[in-house]
1. Fewest first, what order do Ser131, Ser45 take by the number of other Cβ atoms within 10 Å?
2. Between Glu88 and Ser45, what FRET efficiency comes out of the Förster formula 1/(1 + (r/R0)^6) with R0 = 56 Å and r the beta carbon distance, rounded to 0.05?
3. So for Ile156, Ile346, Ile80, Ile249, fewest C-beta neighbours within 10 Å to most, what's the order?
4. Can you sort Ser255, Ser126 from fewest to most other Cβ atoms within 10 Å of each residue's own Cβ?
5. Cα-Cα pairs above 17 Å in the range 300-419: how many percent?
6. For Phe280, what is the net charge nearby, where nearby means another residue's Cβ is under 13 Å from its Cβ and Lys, Arg count +1, Asp, Glu -1?
7. Of Lys252/Lys315; Lys139/Lys252; Lys139/Lys320; Lys142/Lys283; Lys298/Lys337; Lys148/Lys315, which pairs sit farther than 30 Å apart, going by alpha carbon to alpha carbon?
Amino acid sequence: MNTEPNNQIQQLLNEKTQLEEEIEKLRKELTRLQNEMDERIQHSSELIEEQRNTYNRLLKKVTEKIKSPIQGILEIIDIIKPLASNTEIDDFIHIIESYISQVLSTVSDIIDYTTIYSQELQLNLSWISLSEFMENLSKIYKPQAQGKGLSIEIQIFNNNPLYLYTDEERLRQLLGNIIENSIKFTRQGRIKISINSLGKIGEKEIMVFEIKDTGIGISTEYSSDLLRALANPDITQLLKLPGEGLGLILIKELSLLLEGEVNFDTKVGEGTTFYFTAPFITKREEIPVRAVPLPDKKLKILLVEDNYLNQKFTKTSLLKAGYEVELAENGFVAVEKYQQQKFDLILMDVQLPLLDGIEATYQIREIEKQKDYKTPIIAVTAYAQEKDKKRCLEAGMDMFLAKPFKPAQLINLIKNLTENT
């Protein structure tokens, strides 16, 4: 009897079994390697997240350190403005204001650059007067331009609307970065800013902001790369260009946020013209300004602020406006004073020692559950991202004011809040 075929079959079966065992070993090894890789990726992700959170905390602290002194400077300027004895001193005050605005613009650019990457940047929409907006924008950059012997001209065509419904701060940032670039690369001549309407598409009006300089222009090769980078959704294309920093990245990202686009024309030796085109909800009639009635009695305000200079100057501004002011240097003192007496309004700094403004607000709202009234609370903070506003509102605060602010902004906010409560 020939057993050779049976032996061959058995050998094949044995080899199959060995292969299956090897495959199982490989599968287990692959599973182990996959699990190990997943753990490493998870660990790396946690490290990256931890580093990002540390960076954000550091950025917040640095922002607070910068913005708090600037708040004091703005309030000092507001106090000494009426005391200016001649035109020269008044001019110097305006120059100081301009430089302060530029510092704030840089700080805002850095913060917004990080916010863009975390996808937390949101629009804060309101009606703005087009002429007032452009006048204020030119005031910020005129001293810088005049320092180089340049002029800034504004042209608003008659067919333009009176008001735009937009985010004033984001629009200012976008145009401001373009203007700064124009000043930087222009040795003589002027910067001309024109605004024109291209007509309506549906409910929105297409507006073009044109910034034209008489600078050195952009080379053909570089301008082609820049145009491609501006048209590309990926901002890393801008980072690859030599010498480009936050400015152009923010211009691009803010233009997308405002549902617009940025383009430019250039000629070497003659200058460059940047165009920002975007749709806006507009109004062509005057928005009536409602007179705010004077209160029958002095409003009593609890000012919760730990910085001595900010205490002094904010209190001075409030007293000048006719308010009665009580001070509290931290959250514990604020809660204690609130338990002892009644206030018409509370200005609550968020970053406070011992007990912060968020927790102090929670405690005040708990106390009010036993009372028959609710006191309006305005959050005052250098942390102005959307998540910071959300935390304040969730704690029970009524409004949000970002540092640094001008005293007039604070007074208007108080009037608007107290007359509606």
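A short reminder: the numbers here are calculations on the coordinates, not readings from a lab. All figures in this text were calculated on a predicted structure; none of them were measured in a lab. Virtual Cβ from ideal backbone geometry, glycine too; neighbours counted across all protein chains shown.
1. Working: Ser131 14, Ser45 10.
Ordered by Cβ neighbours within 10 Å, fewest first: Ser45, Ser131.
2. On the way: r = 59 Å, r/R0 = 1.05.
Once rounded, the FRET efficiency stands at 0.40.
3. Ile80, Ile156, Ile249, Ile346
4. On the way: Ser255 20, Ser126 12.
Least to most surrounded, the residues fall as Ser126, Ser255.
5. On the way: 3621 of 7140 pairs.
Taking all Cα-Cα pairs of the range 300-419, the fraction more than 17 Å apart is 51 percent.
6. On the way: positive: Arg170, Lys200, Lys204, Lys283, Arg284; negative: Asp167, Glu168, Glu203, Glu205, Glu259.
Here the count lands on 0.
7. Numbers: Lys252/Lys315 41 Å; Lys139/Lys252 24 Å; Lys139/Lys320 26 Å; Lys142/Lys283 28 Å; Lys298/Lys337 18 Å; Lys148/Lys315 39 Å.
Violating the 30 Å limit, Cα to Cα: Lys252/Lys315; Lys148/Lys315.
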